[in-house]
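Notes follow the structure.
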Number of protein chains: 2
Amino acid sequence: MKIGELAKRSGLTAHTIRYYERIGLLPYADRDRSSRRDYDPSILVWIEFLGRLKTTGMPIRDMLLYAELRDQGSGTEAERRALLERHRESVRAHVDELNACLLVLDTKIGGYAETEQRMKEYDATLAERRRKPVGARSSRAR
Amino acid sequence: MKIGELAKRSGLTAHTIRYYERIGLLPYADRDRSSRRDYDPSILVWIEFLGRLKTTGMPIRDMLLYAELRDQGSGTEAERRALLERHRESVRAHVDELNACLLVLDTKIGGYAETEQRMKEYDATLAERRRKPVGARSSRAR
DNA sequence: CTACGAGTTTGAGTGCGCTCTAAGTCAAGA
DNA sequence: TCTTGACTTAGAGCGCACTCAAACTCGTAG
């Protein structure tokens with residue numbers, strides 16, 4: 001698979017794929033006789049996993065650490081696991097924080113909704129007063 | 001309240017507070033006779049809210065939009081509400097995405113845990129073989 | 001043969017959100 | 001009076017994660 005094809009399939013740009021290779025996030029890709037990168041589709045699995053790490057806010061320097069452990073192969077599993085576990089906890093904490101913020105947001109939005117509601121009622125009252133002018137009892141006061 | 005005090009209370013640095021004022025995220029603060037900023041503690045509420053927006057990933061340009069609507073006062077409530085509602089949905093979507101990633105992470109970590117377990121068992125088998133050498137029936141094969 | 005399109009490299013540029021520097025002002029305490 | 005330290009400004013610098021530019025090389029279709 002050429003870099004253009006991989007870009008399409010992975011959702012990254014060719015630029016980004018080369019950048020990732022440069023910094024060591026993607027392994028050095030085999031080149032064909034005219035020195036174009038030629039990928040094995042299995043790279044997609046790794047890119048997808050990197051995407052998860054990215055989505056969950058892991059900085060590139062940590063992904064790099066994980067990638068290096070992975071390249072070193074067996075014997076690094078415990079460290080890799082520890083890295084992922086630490087990350088998992090930070091993601092969980094962040095999710096909790098986001099949920100707390102969502103509550104605040106809901107409250108704030110609820111406040112605007114109330115204001116809107118009171119304004120509608122006020123408008124309705126005015127309309128009522130125009131129909132049954134001064135002195136007439138408001139039908140809204142039930 | 002002076003900027004240093006506000007920094008302590010808000011968790012922002014004085015630098016960041018000045019930066020936020022410069023870009024319009026914080027209102028222009030009143031200065032005392034020697035042109036130092038003097039804050040009303042009520043600013044803390046606004047800073048805290050900005051913090052929530054930041055935590056939930058709202059870019060500064062959007063906070064700025066919200067801040068401008070707020071400065072314009074009444075008549076902008078519907079727009080402010082709409083802005084927050086859009087943001088809320090994007091945060092919800094992001095939380096869902098994070099939760100999905102957490103599942104993947106759990107699976108991956110589970111994989112490492114399994115490998116570790118198998119290695120422990122293998123070590124145990126070796127130890128067993130050392131105690132009851134060649135020919136002896138392994139007690140682990142139950 | 002030549003033109004095109006997709007690839008190559010190195011290195012520079014971009015947008016975001018701060019973060020810091022330099023040079024100066026001011027008020028209060030020793 | 002002098003020193004200290006918290007403040008002021010405009011503007012430069014930084015770390016991150018890309019993103020793009022320039023100049024070049026290939027393989028293939030017309």
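The values are calculated or read from the model by the stated rules, or taken from the named source; none is laboratory data. Note that the structure is predicted; figures quoted are calculated from it, not measured. In this analysis, Cβ positions are derived from the backbone assuming ideal geometry, glycine residues included, and neighbour counts consider all displayed protein chains. Please note that ligands, DNA and RNA were not included when accessible areas were found on the heavy atoms of the full protein model with its side chains. Shrake-Rupley method; radii C 1.70, N 1.55, O 1.52, S 1.80 Å.
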Notebook entry, point to check: Please identify the trypsin sites (Lys or Arg not before Pro) of region B:66-137 that satisfy two criteria: DSSP loop assignment and at most 15 other Cβ atoms within 10 Å. Which are they?
Noted result: B:ARG137
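Given charges of +1 on the Cβ of Lys and Arg and -1 on the Cβ of Asp and Glu, with all other atoms neutral, how large is the dipole of chain B about its Cα centre, in debye to the nearest 20? Each step should come with its number before you reach the end.
Working: 28 positive and 22 negative charges, 229 e Å.
The dipole magnitude comes to about 1100 debye.
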Item checked: Helix B:43-55 vs. chain B, principal-axis angle (Cα, 0 to 90°, nearest 10) -> 40 degrees
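Suppose a student asked you for the relative contact order of chain A, using Cα pairs under 8 Å spaced at least 6 residues apart; what percent would you report? Could the numbers behind the result be given before it?
Values: 63 pairs, mean separation 20.7, N = 142.
Answer for chain A is 15 percent.
Could you look at the protein assembly as shown and say what percent of its accessible area is carbon and sulfur, using a 1.4 Å probe and all protein chains?
Numbers: 9530 of 18760 Å².
C and S fraction of accessible area: 51 percent.
Chain pair B, A: how much accessible area is buried, both chains summed, with a 1.4 Å probe, in Å² to 100?
Details: alone 10950 and 10970 Å², together 18760 Å².
Buried: approximately 3200 Å² between A and B.
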Check: Can you list the lysines whose alpha carbon sits under 17 Å from that of B:LYS108, skipping same-chain ones fewer than 8 residues off?
Finding: A:LYS54
Next item on the list: Kindly express, to the nearest 10 degrees and within the range 0 to 90, the angle between helix B:60-72's C-alpha long axis and the longest C-alpha principal axis of chain B.
Entry: 30 degrees
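Cα gyration tensor of region A:1-72, axes a ≥ b ≥ c as square roots of the eigenvalues: rounded (a/c below 1.5), prolate (a/b > b/c) or oblate? Each step should come with its number before you reach the end.
Values: a/c = 2.02, a/b = 1.50, b/c = 1.34.
Judged from the Cα gyration tensor, region A:1-72 comes out prolate (a/c at least 1.5, a/b above b/c).
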Item checked: Between region A:29-58 and region B:4-46, the alpha-carbon center distance in angstrom -> 46 Å
Next item on the list: Set Lys and Arg Cβ to +1 and Asp and Glu Cβ to -1, take the dipole of chain B about its Cα centre, and tell me which of B:VAL95, B:PRO59, B:GLY110 lies farthest positive.
Entry: B:GLY110
Margin query: Compute accessible area for region B:103-132 by itself and then with all protein chains, 1.4 Å probe, and report residues whose area falls by 30 Å² or more.
Written below: B:VAL104, B:LEU105, B:ASP106, B:LYS108, B:ILE109, B:TYR112, B:GLU116
